[in-house]
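Have a look at the structure below before the remarks.
Values quoted throughout were computed directly from the atomic coordinates according to the rules given, and no laboratory measurement underlies them. None of the values given here were measured: they were computed from a predicted structure. Cβ: placed from backbone, ideal geometry, glycine included. Neighbour counts: every protein chain shown.
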Amino acid sequence: MTVREGIHQRRSIRRYADRPVEEEQIDLLLEAAMAAPSACDCRPWEFIVVRDPARLAALAGISPYSQMAAHCSVAIVPCAVPERQAICPGFFPQDCGAMIQNIWLQATELGLGMVWCGIHPIKELEERMAGLLETPEGVVPFALLCIGYPAEQPAPRNRFEQDRIHREQW
Ligand SMILES: Cc1cc2nc3c(=O)[nH]c(=O)nc-3n(C[C@H](O)[C@H](O)[C@H](O)COP(=O)(O)O)c2cc1C
């Protein structure tokens, strides 16, 4: 699969087959995550890998939009550590976005399905996640990534919109 193919085939997958994701695949996802660019190379992230079904069910309950967590094989919760950005503060959302997209594209290449459930910047969701995962002070649960072998195959979509492009000036 080329990068271009991966970019266009990536879709949100919310239904998963009853097949565990191998530890080696999870390692590849985390390696892809940590290869992401970040402002000043601060890499303001940590990761919580959740496989325990009871904990996955608890994560599913934090919002009506994260119910698929109860049925995925593994969830990765990327957490931001804003204090690691002392020399260039404020960039952690961009850094984490690039990092999560790396995970998603790597998952696509491996034949895994994933959906990104947004947590940051919704304080209530951040607090619920922090409570469930016992994150320390100063660590921001940034997203909930539900991952498994796919049980659905949404078609690639072309979202190119020529009229969104401005040349030289708006
Ligand atoms: C920041 C962010 C937060 C999202 N939160 C959720 C969510 O809470 N639940 C969900 O089912 N999908 C969520 N999604 C997935 C989007 O709904 C999805 O990416 C979008 O509809 C486009 O579809 P596609 O991913 O299949 O291309 C989120 C995506 C992003 C980037």
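So how much slack lies between D41 and W116, counting 0.36 nm per residue of separation and subtracting their Cα-Cα distance, in nm?
Here the answer is 24.7 nm.
Tell me, M129, M68 in order of fewest to most beta-carbon neighbours within 10 Å?
Final ranking by Cβ density, sparse to dense: M68, M129.
Could you point to the residue in Q162, C42, L132 farthest towards the positive end of the chain's charge dipole, with +1 and -1 charges on the Cβ of Lys/Arg and Asp/Glu respectively?
Of the listed residues, the answer is Q162.
Got a sec to turn the phi values of the range 125-132 into Karplus ³J(HN,Hα) couplings, 6.51 cos²θ - 1.76 cosθ + 1.60 with θ = phi - 60°, whole Hz, x for Gly and Pro?
Per residue, the Karplus-derived 3J(HN,Hα) values read 5, 4, 5, 5, 5, 4, x, 5 Hz.
List the residues, sorted by chain then number, that are 5 or more residues from S12 or on another chain and whose placed amide H is less than 5 Å from its amide H.
Correct list: empty.
Among T108, A57, A98, whose Cα lies farthest out toward the positive end of the dipole of the range 17-150, if unit charges sit on the beta carbon of Lys, Arg (+1) and Asp, Glu (-1)?
A57
May I ask you to evaluate 6.51 cos²θ - 1.76 cosθ + 1.60, the Karplus curve with θ = phi - 60°, for each residue of the range 17-26 and list the ³J(HN,Hα) values in order in whole Hz, giving x for glycine and proline?
Listing the rounded values in order: 6, 7, 9, x, 7, 5, 4, 4, 5, 5 Hz.
Taking the Cα-to-Cβ direction at R4 and at E161 and moving 7 Å from each Cα, how far apart do the two end points lie in nm?
Result: 2.3 nm between the two label points.
Please report the net charge: other residues with Cβ closer than 13 Å to the Cβ of Q153, K and R +1, D and E -1.
Charge balance in the 13 Å sphere: +4.
Amide H of I48: which non-local residues (sequence gap of 5 or more, or other chain) have their own amide H closer than 5 Å, using H built in the peptide plane?
V77, C79
Step through the residues of the range 161-170 one at a time and calculate ³J(HN,Hα) from phi using the Karplus curve (6.51 cos²θ - 1.76 cosθ + 1.60, θ = phi - 60°), rounding each to whole Hz and writing x for Gly and Pro.
So the Karplus estimates, Gly and Pro as x, are 10, 3, 6, 8, 9, 10, 10, 6, 7, 5 Hz.
If amide H atoms are built 1.01 Å from N in the plane of the peptide, which residues on other chains or at least 5 residues away come under 5 Å of the amide H of V74?
Here the answer is I147, since their amide H atoms fall under 5 Å of that of V74.
What 222 nm value per residue comes from the helices of the chain, counting each DSSP H run with n ≥ 4 as -39,500 (n - 2.57) and dividing by all residues, nearest 500 deg cm²/dmol?
-10000 deg cm²/dmol
Among residues other than P82 whose Cβ falls under 15 Å from its Cβ, what is the net charge (Lys/Arg +1, Asp/Glu -1)?
With Lys, Arg at +1 and Asp, Glu at -1, the neighbours total -2.
What is the magnitude of the charge dipole of the range 17-150 about its Cα centre, with +1 placed on the Cβ of each Lys and Arg, -1 on the Cβ of each Asp and Glu, and no other charges, expressed in debye to the nearest 20?
My answer is approximately 300 debye.
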